[in-house]
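Take a look at the structure below.
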Amino acid sequence: MMMATDDTISLYDRLLGEVFPRNILNAPDIRYAFVLRVIPSFQAESQIIIVKRKDSSEEVKVQRSLSGNIDQKFQQLIEGKDQVDLIQLANQFRVQTLHVKAPASHLAQWRQAFLSAAYVQAANEKRMAGTASKTDQADLLLDGTAYDLWYVGEYDVRYEFHRAPRNPDEHPFTLWIKDILRTVEKLPASSNGHYARSR
């Protein structure tokens with residue numbers, strides 16, 4: 001099997017972007033939005049989208065790979081190839097979208113907890129949290145799973161939580177991520193019945 005290199009890792013990240021689009025972050029009608037991408041080592045990848053729009057409507061969606069672990073299949077598909085078509089590769093993965101019924105109070109709590117964690121993280125790094133446009137990276141080991149988090153609201157931020165030898169209890173986002181995953185799993189949800197990759 002092909003060894004993972006910086007190039008293949010970058011391709012994998014781009015492939016995840018095709019399989020799990022985050023176009024919502026560029027929508028003009030949103031008040032704020034979260035995209036939390038869950039990247040386990042061996043289990044299927046998934047993505048949680050939380051949106052509050054300017055008209056006060058809200059939306060919570062969970063997108064899950066029904067094709068198993070995308071990274072493992074991706075490594076097999078690109079083995080021995082000099083060039084790959086990411087769109088063609090992405091079309092080989094099936095994704096289920098669940099619409100989660102979350103109370104408005106949950107979204108408000110998640111947003112407030114996120115902003116508090118972001119402030120702590122920024123303070124730890126001796127940076128101001130109110131920057132108009134902000135890209136950041138942090139390392140986090142949480143149950144052997146990597147997380148990518150994007151937020152658009154008062155300021156834009158992306159955090160990448162990679163597998164690293166760091167105590168997760170010391171990271172300000174640990175409790176926030178665990179609360180999101182635990183709560184969304186318990187909330188009622190309905191499937192749109194569409195299992196193909198959606199843009």
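One table, with the values for the structure above:
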{"item": "Matching option when the condition is modelled with pLDDT of 90 or more and open to solvent by less than 80 Å² (accessible area, probe 1.4 Å), among V95, V84", "result": "V95"}
{"item": "Criterion violated by A118 - all others in (1) surrounded by 15 or more Cβ atoms within 10 Å (Cβ to Cβ); (2) in a loop (DSSP other than H, G, I, E, B); (3) modelled with pLDDT under 80 satisfied", "result": "(2)"}
{"item": "Odd one out for A44 among (1) in a loop (DSSP other than H, G, I, E, B); (2) over 21 Å from K186 (Cβ atoms)", "result": "(2)"}
{"item": "Qualifying residue in segment 26-38 (condition: surrounded by fewer than 19 Cβ atoms within 10 Å (Cβ to Cβ), among the small types (G, A, S) and either in a loop (DSSP other than H, G, I, E, B) or in contact with a Cys (Cβ under 8 Å, 6 or more places away or on another chain) (or both))", "result": "yes"}
{"item": "Those residues of segment 98-115 which are open to solvent by 50 Å² or more (accessible area, probe 1.4 Å) and either under 17 Å from the mean Cα position of the chain (by Cα) or charged (D, E, K, R) (or both), in sequence order", "result": "H99, K101, R111"}
{"item": "Residue in segment 55-67 that is open to solvent by 60 Å² or more (accessible area, probe 1.4 Å) and assigned to a helix (DSSP H, G or I) present", "result": "no"}
{"item": "Pick from segment 28-51, criterion at pLDDT 95 or above and not hydrophobic (A, V, I, L, M, F, W, C), ranking: nearest to Y151 (Cα to Cα)", "result": "Q47"}
{"item": "Qualifying position, being of a type in the set (V, I, T), open to solvent by less than 20 Å² (accessible area, probe 1.4 Å), at pLDDT below 85 and under 19 Å from K52 (Cβ atoms), among V157, V184", "result": "V157"}
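The values are calculated or read from the model by the stated rules, or taken from the named source; none is laboratory data. Predicted, not measured: the structure shown is a model, and the values here were computed from it. FYI the Cβ positions are ideal-geometry reconstructions off the backbone, even for glycines, and counts take in every protein chain you see. Side chains included, ligands, DNA and RNA excluded: accessible areas come from the protein's heavy atoms. Shrake-Rupley method; radii C 1.70, N 1.55, O 1.52, S 1.80 Å.
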